[in-house]
Amino acid sequence: MSRLQYNAIEAAVSCLCAPCPQIPNPPGTVTPMDRQVVVGVAIVDDGRVLAALRPGAEGGWEFPGGKVEPGESDQAAAVREIEEELGVRITVGQPLEGEQPIGDKYVLRVYLAELAGHDWSPTLREHAEIRWVHAADLRTLNWLPADQPFLATLRDRLVAAE
């Protein structure tokens, strides 16, 4: 195979594997690469996970967290957001599998985390309530739609840790 043939094949494959600048998206289309990442943090302790109630008409239970800033890693954003929202420090672990779209502009990724240290005195800055939830009780809360797909995997991990 000549270098010219190789380059042509490589260009064709890369066009199939990535958005192609030669084929524009229809106006108003948001591609997954255009979505801002939001991290949710499943803080786990003693076989339970921390759930936070977002207030308001469109509120519900969620994994606390927030938007990843430009140049920031998901893990750094998780630490920052939990300090801002709850005033506690965490150690971020592995992500739960998958990601979930939130509307057209955002995508949610959820990470497991543990409290860093023994000082657990949260300050509710953005949530109406927080509570520790056991695996068997996860489905009893009215979770926000974006958080719901992560519950089964989280439940399995909590049960395995018991």
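In the stretch 38-154, what percent of the accessible surface is made up of carbon and sulfur (1.4 Å probe, ligands and nucleic acids excluded)?
Roughly 47 percent of what the probe reaches on the stretch 38-154 is carbon or sulfur.
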* Heavy-atom accessible area of Asp104 with all protein chains present, probe 1.4 Å, nearest 10 Å²? -> 110
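Please state the shape class of the stretch 78-118: rounded when a/c is under 1.5, otherwise prolate if a/b exceeds b/c and oblate if not, all from the C-alpha gyration tensor.
oblate
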* **Heavy-atom accessible area per residue - the stretch 39-94, 1.4 Å, Å²** => 42
* Would you mind calculating the gained length between Asp156 and His118 on full extension (0.36 nm times residue separation, minus the Cα-Cα distance), in nm to one decimal? => 11.1 nm
* To do: Pop a pseudo-label 7 angstrom from the Cα along the beta-carbon direction at both Asp46 and Gln148 and give the gap in nm to one decimal.
  => 3.1
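Assuming R0 = 25 Å, what is the FRET efficiency of Ala57 and Glu84, from their Cβ-Cβ distance, to the nearest 0.05?
So, using R0 = 25 Å, E works out to roughly 0.60.
The values are calculated or read from the model by the stated rules, or taken from the named source; none is laboratory data. The structure displayed is predicted, hence computed values, not measured ones. Heads up, the Cβs are rebuilt from the backbone with ideal geometry, glycines too, and the neighbour counts pull from every protein chain shown. The area values use the complete protein model at the heavy-atom level, side chains included, leaving out ligands, DNA and RNA. Shrake-Rupley method; radii C 1.70, N 1.55, O 1.52, S 1.80 Å.
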